[in-house]
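Notes to accompany the following structure.
The values are calculated or read from the model by the stated rules, or taken from the named source; none is laboratory data. Everything numeric in this text was worked out from a predicted model, so none of it was measured. Reconstructed Cβ throughout: ideal geometry from the backbone, glycine too, with neighbour counts over all protein chains shown. Quick note on the areas: whole protein, heavy atoms, side chains included, nothing else; ligands and nucleic acids left out. Shrake-Rupley method; radii C 1.70, N 1.55, O 1.52, S 1.80 Å.
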Amino acid sequence: MFWRDYLIPRLLQYFLVIFLGITIVFFIPRLAPTNPVERTIAEVRSRGQYLDPAHIKDMVDALTEMYGLSGSWWEQYKDFWVRLSRGDFGVSFFQFPTPVIELIKRALPWTVGLLFTTTVLSWLFGNIVGGMAGYAHSRGWSKLLDFLAMFVRPIPYYVVALGLLILFGYVYRLFPIGGGATIGVRPSWTLAYIKDVLRHAFLPALSMVLLGGASWFQTSKLIVQNVKAEDFVQYAQLGGIRESRIMFRYIIRNAMLPQVTNLALSLGQILSGALITEIVFSYPGLGHLLYSAITTGDYNLIMGIISLSIVAITTLVLIVDLLYPLFDPRIRYK
Amino acid sequence: MKPSDVVLRTENLKAHYVLDVPGGQKVVRAVDGVELQIRRNEIYGIAGESGCGKSTLMKTLYAWVNRPLRLVEGSVFYSKDGQEFDVYALNKQELRRLRWTFMAYVPQGAMSIFNPVIKIKETYRDFLSSHLRGKTVEEMFEMAKEHIEQLGLPVSILEAYPHQLSGGMRQRVAIALAALLRPSVIFADEPTTALDVVVQRGVVQLLKDIQERLHNTIILVTHDMGIHANVTDRLCIMYAGRIIEEAATVEIFKNPLHPYTQFLINSLPQFGDTGERVSAPGQPPSLANLPSGCAFHPRCPQAMPICRERRPEDTKLGEHRVACWLHAERGEAEYAANS
C-alpha cells in the first residue's frame, strides 16, 4: 500500500527533519558564548553614548523580551513555536522595528527571480551542450569545450563576478554596477521597469550561468559518456536500432536520472541565497540580507532565513522522492 | 562441402587490439589468422579457454569492430540470396539494415543488456521499428506477443522491466530477441555462462528449438565442452587467436588430434571413471606476447624442435583439420629438406 507503507512514513520523516532542523536553529545561538542583549548594549556604549544604570535595566528587560530570551529555555522554546506557527519570526534588530517576515518578503522575489532563472538556465545549457559533447566525446569540438570548461570552472566565483563587473559595468558602461533596479523607481508591471530589472540582473545572472553551466556541462558530459559505454547501449547499437532512438531513449533518458535529482537539490538551495553574487552586485536578495543579519548579530533574522531554507530544501527533496519513480522504474515504493 | 552451402567464410582474418602505452604501442593479437567456413542450417561451436580470442572472433565476424580493436587483415564474406559479399565493404547504413534481419547477436552477459528504464515490450518495439516499415505500435506489440508465445516463453515478461526478470529469463529474452526477424545467422556468445545447470538446459533447448524452426545457422561460443557435446554439429577449438582444430563435434570428442584438444577432452569427467583428471599444464599465453612457432609448444608434452621455430599450417584429413606438427608429416619433411 502506497499510502500506509510509503507516503505516511515519508511525510512523518519530512516533518521530523524540519522540526529537528528548526530546533537546532533555535538552540545554537543560545549555546553560543555571546549574549545578544549584552552585545547590543555594548554596541550602544561603544558609540560613546552615556547610559543611566537604571535605564540599562529597562533596556535589558525590553531587549530580552524582544529577542524572545525571557523565561527558561523550555518556555522560550514553546513560545518560539507558538510564534512560528503564526509566521512570526520576531522583530529585526538591524532594521528595527521591521518584522523579520517583512524583510524576508521583500528580499525573496529578488533572490528567487534571479536564482531560479540562472539555476534552470545553467542546468538546461549544461545538460544539452554537455550531453551532445558526451555523445561525440571523441570529436574535436567536444574536446575543445571540455578544455574550456576545465579552464573556467576552477576560477573562484568572486573573480569571475568582479571581472564581469569591472569589464561591463565600469570599463564599458553597458550594465549598471549594482542594485536590483534603479533607485527611486517604483516597482510596477511596466515594460520600462521590467527592462530595468533585467538590465540589473544581467551581470549577476551571466556570472552564475557561466560557472554553473560549466559545472553542469562537466557532470553531464561525464554521465553521458559513461551511459554510452553501458551494455544496453552497446546492445542497441549491435541490434541496428536507429541512432536517434538510441540517443534519446537509451542514453539521454538514463543520463537524466541523476541530473534531475541534482536540479531539485540546487533549486532547494535557492532560498539560502547566493551570498557572494548578491554582495558583489549589491543585489537586494536573501543572501545579502543573511549577510547583514550575521554581521549585525540579528538572531531573529538569521533564524527566520535559515528556517525558511530548511523548509525549502526538505520540501524539494520530498517532491523529488515522490516523483522519482516516474523517471526510474527501478525505484518503487514498497 | 558445396560452395552454395557456405553462409559465412573468412580469409586469413586478423583483428588486433592496438593499445597506446607509454613508449609505443601494445598489440594484442586476439584474432590472428582465422580461416572459417560455416554452413547453412548448422550449429557451429567455438571452444577454447578464457582469453583465447573467442569473443573477439565473434565481434569481428559480426563486423562489430570498435577501437581499440582493429581489423588488420583478411575479410569476412557472407552469402545472402545466392550472392556473396564482403561485410567490411558495406557502409554504415547497409550494415545497420543487415543486422537483426540477416544476422543477429546474443552478447555475453545478458544481465545488463536491456535498457533499465523501459519495459521489455518497448525494447521489442525498438528492434521492430528500426528494421520494419509501416507497422503501428499495436501491430508491433502484437508481433512481439506472438513471437514470445511461439517460443514458449511467458507473455507476461513483455510488461516487465528488465530488473524484474531473473538472469535466466533475461538470457532467454536475449536469445528470443535475436530470433525475432528470422535471421540467417545468429551469434551466441557464452549464452549459458553464469547460469546454473538447470537454467542452462532451458537456454540450450531454446537455441535448438530456434535453429530447428528457422533452419538457420547458429554460431555458439562457450568454454563449456558439455554444451558443445550436446548442441553443436561442428566444432572448432581456438588457441591463442587461431583455430587449431576443426571437425564434426562427434569426431572431435572421439578422435581429438591436437594435444591441446586431447587435454580438453580428457579433462571432462566420465561415468564410472574415478581416476584423476588431467588438464593442460601451465597458463594460457599472453596474446600480446605470443611464443614463437606453435603458440602451444611451451605447454605441450609432445613438443618437438620444429614446434618452437615454425607455426604449423592446417593439415586437412577429410573433414577434420588440425594445425599441429605431429600430423603434418609433409610439413616436417619440407622442413628437413630445407635445413
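Here are some notes:
- With eigenvalues of the C-alpha gyration tensor scaled by 5 and rooted, segment A:80-165, Å: 44, 17, 10
- Shown in residue order for segment B:63-69 are the 3J(HN,Hα) couplings computed by the Karplus curve 6.51 cos²θ - 1.76 cosθ + 1.60 at θ = phi - 60°: 6, 10, 10, 10, 4, x, 6 Hz (x for Gly and Pro).
- Cut-off under 5 Å, modelled amide H: who pairs with residue B:46 long-range: B:220, B:221, B:222, B:236
- Per-residue 3J(HN,Hα) values for segment B:306-318, derived from phi via the Karplus relation 6.51 cos²θ - 1.76 cosθ + 1.60 with θ = phi - 60°, read 5, 4, 6, 9, 10, 7, x, 8, 5, 10, 9, 10, x Hz in sequence order (x marks Gly and Pro).
- Helix axis angle, A:253-268 relative to chain A longest principal axis, alpha carbon, degrees: 10
- Residue order for B:319, B:122, B:190 - accessible surface, 1.4 angstrom probe, largest first: B:319, B:122, B:190
- Highest-MSF residue in chain B out of B:157, B:186, B:38 [GNM, Cα springs under 10 Å]: B:157
- Within 10 Å of each Cβ in B:155-163, the average number of Cβ atoms from other chains: 1
- Kirkwood-based shape ratio for segment A:105-297, expressed as Rg/Rh from alpha carbons: 1.08
- Radius 13 Å from Cβ of residue B:25, net charge of other residues (Lys, Arg +1; Asp, Glu -1): +3
- Dipole check for the protein assembly as shown: with +1 at the C-beta of Lys and Arg, -1 at the C-beta of Asp and Glu, and the Cα centre as origin, the magnitude is about 1240 Debye.
- Residue mean of other protein chain beta carbons inside 10 Å, B:128-138: 1
- A straight line joining the Cα centroids of segment B:263-292 and segment A:38-63 runs 94 Å.
- Segment A:169-232 and segment A:299-314: distance between their alpha carbon centers, rounded to Å: 25
- Near the amide H of residue B:106, within less than 5 Å, lie the amide hydrogens of B:187, B:188, B:189, all on another chain or at least 5 residues away, with H placed in the peptide plane.
- Only protein heavy atoms count here; under a 1.4 Å probe, residue A:289 has an accessible surface of about 20 Å².
- Across segment B:277-293, coupling constants 3J(HN,Hα) worked out from phi with the 6.51/-1.76/1.60 Karplus curve, θ = phi - 60°, read 8, 10, 10, 5, x, x, 10, x, x, 6, 6, 8, 8, 6, x, 6, x Hz, and Gly and Pro carry x.
- Area projected by the alpha carbon convex hull of the protein assembly as shown, averaged over all directions, nm²: 46.6
- Figure note: B:236, B:300 ranked by solvent-accessible area, largest first, 1.4 Å probe, ligands and nucleic acids not counted: B:300, B:236.
- Portion, in percent, of the accessible area of segment A:105-297 that falls on carbon or sulfur, probe 1.4 Å: 71
- Charge dipole of chain A about the Cα centre (unit charges at C-beta), most positive-ward option of A:109, A:236, A:308: A:236
- Most mobile of B:74, B:152, B:272 in a GNM of chain B (Cα contacts under 10 Å): B:272
- For chain A, a simple Cβ point-charge model (Lys and Arg +1, Asp and Glu -1, everything else neutral) yields a dipole of about 1200 debye relative to the Cα centre.
- Short to long, the 10 Å bins of the Cα pair-distance histogram for chain B hold 5, 23, 31, 24, 11, 4, 1, 0 percent of all pairs.
- For segment A:105-297, the dipole from Cβ point charges (+1 on Lys and Arg, -1 on Asp and Glu) about the Cα centre works out to 320 debye, to the nearest 20.
- P(r) weight above 24 Å for segment B:137-243, C-alpha pairs, percent: 27
- Descending semi-axes in Å of segment A:167-236, equivalent ellipsoid built from Cα gyration tensor: 42, 15, 8
- When each of the peptides A:210-221, B:61-72, B:200-211 is scored by the mean number of other C-beta atoms lying within 10 Å of its residues, the order from highest to lowest reads A:210-221, B:200-211, B:61-72.
- Per-residue accessible area (protein heavy atoms, 1.4 Å probe) orders A:85, A:307 as A:85, A:307, starting from the largest.
- Choice from A:302, A:155, A:18 showing the highest fluctuation, given a GNM over chain A with Cα pairs closer than 10 Å: A:155
- Volume in Å³ per residue [convex hull over Cα atoms, computed for segment A:1-119]: 175
- In percent, rounded to a whole number, the relative contact order of segment A:161-291 is 27, using alpha-carbon pairs under 8 Å and six or more apart.
- Counting Cβ atoms of other protein chains within 10 Å of each residue's Cβ and taking the mean over peptide A:240-252 gives 4.
- Against the main long axis of the alpha-carbon atoms of chain A, helix A:53-66 sits at an angle near 30°.
- Farthest positive-ward along segment B:92-235 dipole, Cα basis, beta-carbon charges - from B:132, B:179, B:109: B:132
- Among residues other than residue A:70 with Cβ under 10 Å from its Cβ, the summed charge is -4 (Lys and Arg +1, Asp and Glu -1).
- Å² of accessible area per residue within the protein assembly as shown, as computed with a 1.4 Å probe and no ligands counted: 51
- Counting heavy atoms of the protein chains alone, residue A:117 has an accessible area of about 70 Å² for a 1.4 Å probe.
- Share of pairwise Cα-Cα distances greater than 33 Å in chain A is 46 percent (whole percent).
- Dipole of chain A [Lys/Arg +1, Asp/Glu -1 at C-beta], most positive-end residue of A:256, A:267, A:74: A:256
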